[in-house]
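Working notes, beginning with the structure itself.
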Amino acid sequence: MALLNVDQLSVTFGGRGRKDSIAVDGVSFTVDQGQVVGLVGESGCGKSVTSLALMGLLPEKGVKVGGRVEFDGQDLLTISRRKLRDMRGSQLAMIFQDPLSSLNPVIPIGIQVTEILQRHRGLKGEAARKEAADLLDRVGIPDPRRRLKEYPHQLSGGMRQRALIAMAVACAPRLLIADEPTTALDVTIQAQILELLKELVDQEGTALLMITHDLGVVAGICDEVNVLYAGRAVESAGRRELFAAPTHPYAHGLLGSIPRLDAPRGEPLRPIRGSINDKIAWADGCAFAPRCDYYTMECLTGTPELTEPRTAGHQVRCVNPVLPKAEVSA
Ligand SMILES: Nc1ncnc2c1ncn2[C@@H]1O[C@H](COP(=O)(O)OP(=O)(O)O)[C@@H](O)[C@H]1O
Ligand SMILES: [Mg+2]
């Protein structure tokens, strides 16, 4: 049994005369202890809404959440809010896309970090301060002893993001959900933070759900990857398998649109044409069809199912999947 088992999660926004809008539409995946699972896709595909649903942080009004989210055998969607709040402090942690809202503005950073170290790891006084400074150092914050005395507004946005990551690591949670944790940071700091998260996973056995639109991050850290499009998984596979053989035209396009060092010089990058707004409802066919180079009439006749057209465990939601050149010519 995986530590986190997400089964057919759906989130619909609506109510008060508004038309229902389905943000997450039957997403399933698991995360084991010591495993890093990625949720990948363009902005607006449902990544953040998925993570908020897992953490029980969506508003109760005007939002319908369906499916099951089992963490260590308990359904997070049905346990009491109070129990979930307790778990959020100790077993589940999240790094938010927007760091300002999750730091307390009137308490110095150092106290916020040492409080966590005391609560979760029993460290006190100078031992807690030393560990806090060490953590800030490890997320690339220079002069950490001085920074510990400062308030959140005295730090830049990137520094605040790093302080939050330090706090999430300090709890050594069993499950960490990181929503685009490094998007605002430059690449050297990004690499340092991925290293720190990897250490947490390897040493503490933390299960990490890594949410990103950055395939470089996926390549650097994820074991398993779920590619989302318009609220549904369109491809799920191990990282190596996905990078070696992206099979859904959307995943294929995403991977084709990243620069490669081994590409011939002058080879243009090929972004996927159109935007996520050019979609049809999943009920009518494949949401990606309007942007797809491979679409056929069959793509517009009902929802495509997830299948395994190539290898066991490599799931793809497409009626006309991309085959590698070797298989096409064979
Ligand atoms: N509070 C809300 N009310 C209505 N729609 C929302 C709300 N929050 C998010 N959405 C919609 O849900 C979809 C998924 O959003 P989100 O999960 O934030 O995307 P991502 O994190 O992948 O960029 C988007 O179409 C967005 O407009
Ligand atoms: Mg988001």
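Near MET94: Cβ cut-off under 10 Å, other residues only, Lys/Arg at +1 and Asp/Glu at -1. The net charge is 0.
For the range 51-78, the residues whose amide N sits under 17 Å from a probe point set 7 Å from the Cα of ARG119 along the beta carbon direction are 55-57. Computing FRET efficiency as 1/(1 + (r/R0)^6) for ASP86 and ALA2, where r is the C-beta to C-beta distance and R0 is 25 Å, gives about 0.70. Taking all Cα pairs closer than 8 Å and separated by 6 or more residues, the relative contact order of the range 4-222 comes to 27 percent. The H on the amide N of ALA230, modeled in the peptide plane, is under 5 Å from the matching H of no residue at least 5 residues off or on a different chain. Peptides 32-40, 221-229, 13-21, 300-308 ranked from most to least packed give 221-229, 32-40, 300-308, 13-21, packing being the mean of other C-beta atoms within 10 angstrom over each peptide's residues. Taken over the chain, the percentage of Cα pairs per 20 Å bin, counting from 0 up to the bin with the maximum distance, is 30, 55, 15, 0. Given springs between every Cα pair under 10 Å in a Gaussian network model of the chain, which of LEU155, LEU200, LEU117 has the largest fluctuation? In this elastic network of the chain, the residue with the biggest mean-square fluctuation among LEU155, LEU200, LEU117 is LEU155. Applied to the range 158-167, the Karplus parametrisation 6.51 cos²θ - 1.76 cosθ + 1.60 on θ = phi - 60° returns per-residue 3J(HN,Hα) values of x, 5, 4, 4, 5, 4, 5, 5, 4, 5 Hz, with x for Gly and Pro.
Using Cβ point charges alone (K and R +1, D and E -1), the dipole size of the range 12-171 about the Cα centre works out to roughly 540 debye.
For the range 23-34, 3J(HN,Hα) computed residue by residue from phi via the Karplus equation (6.51, -1.76, 1.60; θ = phi - 60°) reads 8, 10, 10, x, 9, 10, 6, 10, 10, 8, 3, x Hz, glycine and proline entered as x.
Exposure proxy ranking for ARG85, ARG119, based on other Cβ atoms within 10 angstrom of each Cβ and starting from the fewest, stands as ARG85, ARG119.
Counting only residues at least eight positions apart within a chain, or on another chain, the lysines with an alpha carbon under 28 Å from that of LYS130 are LYS149, LYS198. Ordering of 51-57, 67-73 by packing is 51-57, 67-73, highest average first (other Cβ atoms within 10 Å, averaged per residue).
For the range 36-42, backbone phi angles converted through the Karplus equation (6.51, -1.76, 1.60; θ = phi - 60°) give residue-by-residue couplings of 10, 10, x, 10, 10, x, 5 Hz, Gly and Pro being listed as x.
We did not get these values from a lab; they are worked out from the coordinates using the rules stated. Please read all numbers here as calculations on a predicted model, not as lab measurements. Cβ coordinates were reconstructed from backbone atoms using ideal geometry, including for glycine residues, and neighbour counts include every protein chain displayed.
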